[in-house]
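Below: one structure, written as structure tokens.
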Amino acid sequence: MSKNPFDLSAMANHAKGVEAAKALGQAALTSAQEIAQLNQRAAQELSSRLQAKVAELMKTQDPKAVFDYVHAEVLQDAAKEVAEYQSQLFQALASGNKELAKIAESMIKESQHDLIHFVNEATQNSPAGTEPYTSVFKTSFNNALQNFEMIRAAMADSFVSFEKNVENMSKISGVQKRSAAAAKKTEKK
């Protein structure tokens, strides 16, 4: 191997990239598993409730009573279940999004630090008489870092926007859940 310090830092950077990719994959896998578990629970609950409702409907002889029962209980229960499922799904998405945002933020900071170190090392070891070129290079690099920072800020804003959208959807599902519960109470009176 050569004695050039950039070769060693390249291996370290590669290892950091692999670790970051593992962390991203793990966060995505955890989020997917949580969503799959939500889907499985929802399907099992729906199946058992559907069987119970069908059994109750089979006992009823009056078509109007069946219609009233379906309208009063089955549809309202279904709306409540859908709202609850949406709320749980939004919570799972929000937690996965926060984890991904933290990982991306740390990757960006590490990359920025490594780039600054690389440029400083390269310009310090430049041959005599290349100061004008290194000055232009450093200026260009600083401009690139500013653009990099703007991209990071835009990414952070998009994560915040996504979280706000998830919160809004969660609030809407909460309102739906409360209105379904209120309608059910009104029907029973």
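Quick note: the coordinates plus some simple rules give every number you see, no bench work behind them. In this text, all values refer to a predicted model and were calculated from it rather than measured experimentally. Glycine also receives a Cβ, built like all others from the backbone with ideal geometry; neighbour counts cover every protein chain displayed.
For this structure, a couple of remarks:
- Most tightly packed first, judged by the mean number of other beta-carbon atoms within 10 Å of their residues, the peptides 86-92, 124-130, 105-111, 52-58 read 86-92, 105-111, 52-58, 124-130.
- Pairs beyond 20 Å (Cα-Cα), from Lys53/Lys171; Lys102/Lys138; Lys102/Lys164; Lys16/Lys138: Lys53/Lys171; Lys102/Lys138; Lys16/Lys138
- Translational D in µm²/s for segment 5-148 (Stokes-Einstein at 37 °C, 0.692 mPa s, Kirkwood Rh from C-alpha pairs): 157 µm²/s
- Modelled spin-label separation between Gln91 and Ala52, with each label point placed 7 Å from Cα along the Cα-to-Cβ direction: 2.1 nm.
- Förster-model FRET efficiency, 30 Å R0, Asp114 and Ser135, C-beta, rounded to 0.05: 0.85
- Computed extension gain for Leu38 through Val175, at 0.36 nm per residue and net of the alpha carbon distance, reaches 47.3 nm.
- Only Cα sites of segment 19-87 enter the Debye sum here, all with the same form factor; the resulting log10 I(q)/I(0) across q = 0.13, 0.16, 0.18 1/Å is -0.54, -0.67, -0.77, listed in q order.
- Reported value for segment 91-150: 52 Å³ per residue, from the convex hull of its C-alpha atoms.
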